[in-house]
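Have a look at the structure below, then the notes.
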Amino acid sequence: MQLSIGRRADCVLVATSSRQGAGSSDLTSLRGVGPGLLRRLEKLDILKVEDLLFHLPMRYEDRTRVLPMGSLVPGKRAVIEGEIQLTEVSFRGRRMLLTSIADGTGSVTLRFFHFSRAQQEGLKRGRRLRCYGEIRAGRGGLEIVHPEYRLLKDDDAAQVEETLTPVYPATEGLQQARLRNLTDQALARLASDGVSEWLPAEVLARLKLPSLAEALAYVHRPPPDARLDLLEERRHPSQRRLAFEELLAHHLSLRRLRERMRKDAACPVSGHRHLLEKFTEALPFSLTAAQQRVVADIRADLAREHPMMRLVQGDVGSGKTVVAALAALAVVGSGGQVGIMAPTELLAEQHLKSFCQWLEPLGLNVVLLTGRLPAAARRTALSAIADGTADVVVGTHALFQESVAFANLALVIVDEQHRFGVHQRLALREKGRSGEVFPHQLVMTATPIPRTLAMTAYADLDVSIIDELPPGRTPVTTATIPESRRAELVARVQEACANGQQAYWVCPLIEESEVLEAQAAEEAYAMLEAALEGLRVGLVHGRMKPAERDLVMQAFKRGEVNLLVATTVIEVGVDVPNAALMVIENAERMGLAQLHQLRGRVGRGHAASSCVLIYRSPLSRAARHRLKVMRETNDGFVIAEEDLKLRGAGEVLGTRQTGIMQMRVADLVRDADLLGGIQEAARIIFRQYPAQVTPLVNRWIGQGSRYGRV
Ligand code: ADP
Ligand code: MG
């Protein structure tokens, strides 16, 4: 195969000259494809004949054999064949047509809620019928609701299907039968013309998986003896072959994005040793070795003429904020502005305090910008951001609204990255762009992502890990107790607070309604306030005014409030080292990542801390497992692995909504064992076959700019 390559600004154009003529990739070259169908196919991202081959079945139906009615299992789909015993219209409840058929081994009732007179007349006693549908256990025996069916002629041995029947993702006005017909035609082309193989031979040899053409033919039309179970679980070698290629395509796409961004210009930042030393000397603690290492990584990045793109991973409490402050300081020292984006108002306000406390003594101006800022304060903030008097701007995503214009945004820091998608990160980059100069980026996350997953999901970022907690912390002990023993806990809180400790009481998560959640918190507050004599109890929830909430938080920080009753608003980032006990209600409703984050609020000081998870029975299996994991480990990485198994990659990475990691065959968790080979294959392709990157990416991800610039 010959490749002719033209480079045009942002994209590599690859023209293939294979045995296929130009016209044969055109969908209109297929039988029955007109303008209407073209539009519907386009909705499925099918733009050329080859795209049909990569539009893969979501499941299969076995219509390759007729099953005896005596062997049917409710819940499964099956083809059955028999003679009509009786057809009648029933008026029980609503009008419906009931036809019962039998084959000597058993009988099945077909139930139609919508039917025509002609249909009713066709279903005469004695006629033979073949039908397909989901078998259900009805009141009077097995039944199928609205089966697909066909009347058989006398001794018509109507053929069964020769392969398992694929069921494709469809769209309005585009039925399975049509999709099957089109893939049939595409498969015929595949058989005669082949398909471009973009994987290098050395990679294929190592994989020991079928060729692309074989794999495609198999997954579209599996033979009757195919392992349906493997296919449904997507573990069949043919699917793994495709999954490998798909994962590789995603990886290449992110890597390429990274390479391109690496070539962008940024303002190099270096020096300022004096300023940084002054800062660290003023801190009440010294940096851990891990923090120092990460700061060194960041300084090296900042000194280059290309934008830093670094992810800092560190478990809750590992001290990421101070690392961010050091990065900010270096940039401001060079005359740039820094924007820090936090996922919640509460966290933004807390960062504001830390940064003010650390940076204002050095003469820096730190400004807050959130959606809830009163209009006048907002105007003041906006003008300070625009004229450059604001050195550091702390905020929520409000920071990156259109009305916000920075004088010279040189570093963007995103805290708790998992709450923002790749798109938001890319949008931020654009915000700081001035001409061809881009801001540096620092992304911080407390969600430790398993390494292989991180390398695929964050292939566009460099990763530094703070793998050490500040000294003097004692691990948090975790217990789980049923709701019926809540009273014991009240006594325990009383005792802990009497000993000078502080505690959190986290109220149930009510995802549907912030109002209900606030109500539940108010009730818990009233109960605890009444039960705990001589203690000061505070309340914070999402419906309070920020100023009110702030007063309570401040009082809690100063130790004037003993027990803080809170909703999960305190989940992220809140830092009160003297708090050593945390009670979490209805813990069975929360996910592992959330529980781990919440628990991270204690164990920040020198006292031994504990966390008590209250649960309501009965527990689902998954909930039981989550609670067990929480009891057994404090290790964020172990918890992340478990979370990944329980929830799947899309949710762990928070990318489900953005659709970024939505794949056709591959699954980052199920196919995790393929990821190692993918790094390697990517290296080979980038080095030896760079021209194959674009066609491979386009094949799986499409030409759209799902990762920003393509
Ligand atoms: P996270 O990584 O969860 O964002 P924070 O930055 O909030 O953690 O830090 C948690 C607490 O640890 C804060 O009170 C912070 O001041 C403190 N801290 C950070 N680094 C150190 C250190 N090297 N030694 C002692 N305490 C530290
Ligand atoms: Mg933090």
When every residue in the range 556-594 that is aliphatic (A, V, I, L, M), at pLDDT below 90 and in contact with a strand residue (DSSP E or B) (Cβ under 8 Å, 6 or more places away or on another chain) is compared, the one surrounded by the fewest Cβ atoms within 10 Å (Cβ to Cβ) is Val576
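Quick one: which residue in Ala524, Ala580, Ala555 is part of a helix (DSSP H, G or I) and either more than 20 Å from Ala496 (Cβ to Cβ) or in contact with a Lys or Arg (Cβ under 9 Å, 6 or more places away or on another chain) (or both)?
Values: Ala524 fails: either more than 20 Å from Ala496 (Cβ to Cβ) or in contact with a Lys or Arg (Cβ under 9 Å, 6 or more places away or on another chain) (or both); Ala580 fails: part of a helix (DSSP H, G or I).
Going through Ala524, Ala580, Ala555 in turn, just one is part of a helix (DSSP H, G or I) and either more than 20 Å from Ala496 (Cβ to Cβ) or in contact with a Lys or Arg (Cβ under 9 Å, 6 or more places away or on another chain) (or both): Ala555.
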Tally of residues being within 11 Å of ligand 1 (Cβ to nearest atom) and closer than 14 Å to Ile570 by Cα across the range 341-356: 4
On the given criteria, is Arg258 more than 16 Å from ligand 2 (Cβ to nearest atom) and within 22 Å of Asp671 (Cα to Cα)? no
Testing Arg304 on (1) buried (at least 16 other Cβ atoms within 10 Å of the Cβ); (2) under 22 Å from Ser464 (Cα atoms); (3) basic (Lys, Arg), one condition comes back false. Which one is that? (1)
Filter the range 444-464 for residues that are hydroxyl-bearing (Ser, Thr, Tyr) and modelled with pLDDT of 75 or more; which is nearest to ligand 1 (Cβ to nearest atom)? Thr445
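Condition check ((1) among the charged types (D, E, K, R); (2) at pLDDT below 85; (3) in the same structural domain as Glu197 (by TED's automatic domain parsing)) across all residues:
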residue	(1), (2), (3)
His625	no, no, no
Glu651	yes, yes, no
Thr655	no, yes, no
Ala682	no, no, no
Checked against (1) under 16 Å from the mean Cα position of the chain (by Cα); (2) at pLDDT below 80, Val710 satisfies every condition except (1)
Kindly indicate whether Gly534 is surrounded by fewer than 16 Cβ atoms within 10 Å (Cβ to Cβ) and in contact (Cβ under 8 Å) with a residue 40 or more places away in the chain. no
I'd like to verify a number: residues in the range 92-135 that are surrounded by 15 or more Cβ atoms within 10 Å (Cβ to Cβ) and among the basic types (Lys, Arg), how many? 4
Inside the range 362-373, can you point out the residues that are in a loop (DSSP other than H, G, I, E, B) and modelled with pLDDT of 90 or more? Gly363, Leu364, Asn365
Looking at this structure, is Ala672 modelled with pLDDT of 80 or more, over 24 Å from Pro343 (Cα atoms) and not assigned by TED's automatic domain parsing to the domain that holds Leu230? no
Working only within the range 304-340, note down all residues that are within 10 Å of ligand 1 (Cβ to nearest atom) and of a type in the set (Gly, Ala, Ser). Gly314, Gly317, Ser318, Gly319, Ala324, Ala325
May I ask you to list the residues in the range 394-443 that are within 16 Å of ligand 2 (Cβ to nearest atom), modelled with pLDDT of 80 or more and in contact with a strand residue (DSSP E or B) (Cβ under 6 Å, 6 or more places away or on another chain)? Val394, Gly395, Ile413, Val414, Asp415, Leu442, Val443
The range 362-377 residues that are not assigned by TED's automatic domain parsing to the domain that holds Ala348, paired with ones that are at pLDDT 95 or above (beta carbon under 9 Å, 6 or more apart): none
The range 619-639 residues that are touching a residue at least 12 places away in the same chain (Cβ under 8 Å), paired with ones that are hydroxyl-bearing (Ser, Thr, Tyr) and surrounded by fewer than 20 Cβ atoms within 10 Å (Cβ to Cβ) (beta carbon under 7 Å, 6 or more apart): Leu627/Thr480; Arg631/Thr480; Ile639/Thr633
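Considering the range 99-144 alone, what residues qualify as being more than 16 Å from Met69 (Cβ to Cβ) and either in a strand (DSSP E or B) or touching a residue at least 60 places away in the same chain (Cβ under 8 Å) (or both)?
Phe112
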Filter result (on the phi < 0 side of the Ramachandran plot, acidic (Asp, Glu) and within 34 Å of the chain's Cα centre (by Cα)) within the range 25-83: Glu42, Glu50, Asp51, Glu61, Asp62
Matching residues, the range 279-297, being more than 16 Å from ligand 2 (Cβ to nearest atom), touching a Ser or Thr at 6+ places or on another chain (Cβ under 8 Å) and closer than 29 Å to Glu259 by Cβ: Arg293, Asp297
Conditions (1) crowded, with 23+ Cβ neighbours inside 10 Å; (2) over 17 Å from Thr344 (Cα atoms); (3) within 16 Å of ligand 1 (Cβ to nearest atom); number of the one not met by Leu613: (3)
Residue check, Leu551 over 26 Å from Ser617 (Cβ atoms) and more than 16 Å from ligand 1 (Cβ to nearest atom): yes
Run down Pro223, Pro147 and say which single residue is touching a residue at least 24 places away in the same chain (Cβ under 8 Å) and buried (at least 19 other Cβ atoms within 10 Å of the Cβ). Pro147
Of all the residues that make up the range 627-649, how many are at pLDDT 85 or above and within 23 Å of Pro482 (Cα to Cα)? 9
Within the range 581-610, the count of residues that are free of Cβ contacts under 8 Å to residues at least 60 places away in the same chain and acidic (Asp, Glu) comes to 1
Of the conditions (1) under 30 Å from Ala580 (Cα atoms); (2) in a helix (DSSP H, G or I); (3) within 16 Å of ligand 2 (Cβ to nearest atom); (4) of a type outside the set (Phe, Trp, Tyr), Ala328 clears all except one; give me its number. (1)
Residue satisfying all of: in the range 169-190; hydrophobic (A, V, I, L, M, F, W, C) and modelled with pLDDT under 90; surrounded by the most Cβ atoms within 10 Å (Cβ to Cβ) among these: Leu174
Name the one entry in Val316, Val323 that is within 16 Å of ligand 2 (Cβ to nearest atom) and either without any contact (Cβ under 8 Å) to a residue 60 or more places away in the chain or part of a helix (DSSP H, G or I) (or both). Val323
Considering only the range 212-225, how many residues are farther than 16 Å from Arg664 by Cβ and at pLDDT 90 or above? 6
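The values are calculated or read from the model by the stated rules, or taken from the named source; none is laboratory data. Computed from a predicted structure; not experimentally measured. Glycine gets a Cβ as well: all are built from the backbone with ideal geometry, and neighbour counts include every protein chain shown.
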